[in-house]
Amino acid sequence: MRHGDKTNNLSRTASHRKALLMNLGCQLITHKKITTTLAKAKALRTYIEPILTKTKKTDTKEVIMHNHRIVFSYLNDKHAVKELFTVVGPKIASRPGGYTRIIKLGKRIGDNAELAMIELVDFNEIYGKGIKEAAEPAKKTRRSGGAKKKATETTAETPETKTDETATEQTEA
């Protein structure tokens, strides 16, 4: 029985699972998004989110070096650790959590396995822009009384523009 066991073993031994998540984590950090199976993506999310949280804490030099060492013990790739602390860390510093997004892609043709794309949320500009643009018009439509002011302004402007047009016609003649 596996009561209370929340770890997805992915049908692998502990050392193989650790190596798999380590490699997937390094690839996610360097490429910012990867495509894998849904089960591996969900396991990777629980593995990588605490590592990403460690990059945010930059109180003193000792804390920074200690966090570098801890993250290196999880990833074992100095290039990925450098990328994490120099590029990814500052960009996710203001985010309180939820650094990754999993998008389901359907089933693989060969073995019918569910595929998913896991990506770092702050590095997808296309998806983020669509959300911001969709949110802005909703704020404009919620204003009350704005339509009344606009209606009175347009009626006030139309006589002025007509008088301006007649004045230009008279000067031309």
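The values are calculated or read from the model by the stated rules, or taken from the named source; none is laboratory data. These numbers were taken from a predicted model, which means no experiment stands behind them. We place every Cβ from the backbone using ideal geometry, glycine too, and count neighbours over all the protein chains shown.
Of the residues in the stretch 80-128, how many are polar (S, T, N, Q) and touching a strand residue (DSSP E or B) at 6+ places or on another chain (Cβ under 6 Å)?
1
In this structure, is V71 touching a strand residue (DSSP E or B) at 6+ places or on another chain (Cβ under 8 Å) and part of a helix (DSSP H, G or I)?
Against the criterion (touching a strand residue (DSSP E or B) at 6+ places or on another chain (Cβ under 8 Å) and part of a helix (DSSP H, G or I)), V71 does not qualify.
What is the number of the single condition among (1) modelled with pLDDT of 90 or more; (2) farther than 22 Å from T35 by Cα that I102 does not meet?
Evaluating I102 over (1) modelled with pLDDT of 90 or more; (2) farther than 22 Å from T35 by Cα leaves (2) as the failure.
Residues K32, K56, K40: which one is on the phi > 0 side of the Ramachandran plot and surrounded by 14 or more Cβ atoms within 10 Å (Cβ to Cβ)? Reasoning before the result, please.
Numbers: K56 fails: on the phi > 0 side of the Ramachandran plot; K40 fails: on the phi > 0 side of the Ramachandran plot.
Result: K32 is the single residue among K32, K56, K40 that is on the phi > 0 side of the Ramachandran plot and surrounded by 14 or more Cβ atoms within 10 Å (Cβ to Cβ).
Go through (1) at pLDDT 95 or above; (2) over 27 Å from R12 (Cα atoms); (3) charged (D, E, K, R) and name the single condition K40 misses.
Status for K40: all satisfied but (2).
Considering each of L28, L20, L75, L38 in turn, give the residue that is assigned by TED's automatic domain parsing to the domain that holds A116, under 19 Å from the mean Cα position of the chain (by Cα) and over 17 Å from V121 (Cβ atoms).
L38 is the lone residue from the list that is assigned by TED's automatic domain parsing to the domain that holds A116, under 19 Å from the mean Cα position of the chain (by Cα) and over 17 Å from V121 (Cβ atoms).
Which condition from (1) without any contact (Cβ under 8 Å) to a residue 24 or more places away in the chain; (2) surrounded by 16 or more Cβ atoms within 10 Å (Cβ to Cβ) is the one that K61 breaks?
Failed condition: (2).
Sort through I92, I118 and tell me the only one that's touching an Asp or Glu at 6+ places or on another chain (Cβ under 6 Å), in the same structural domain as T37 (by TED's automatic domain parsing) and within 16 Å of I51 (Cβ to Cβ).
On the way: I118 fails: touching an Asp or Glu at 6+ places or on another chain (Cβ under 6 Å).
Checking each option against the conditions leaves just I92.
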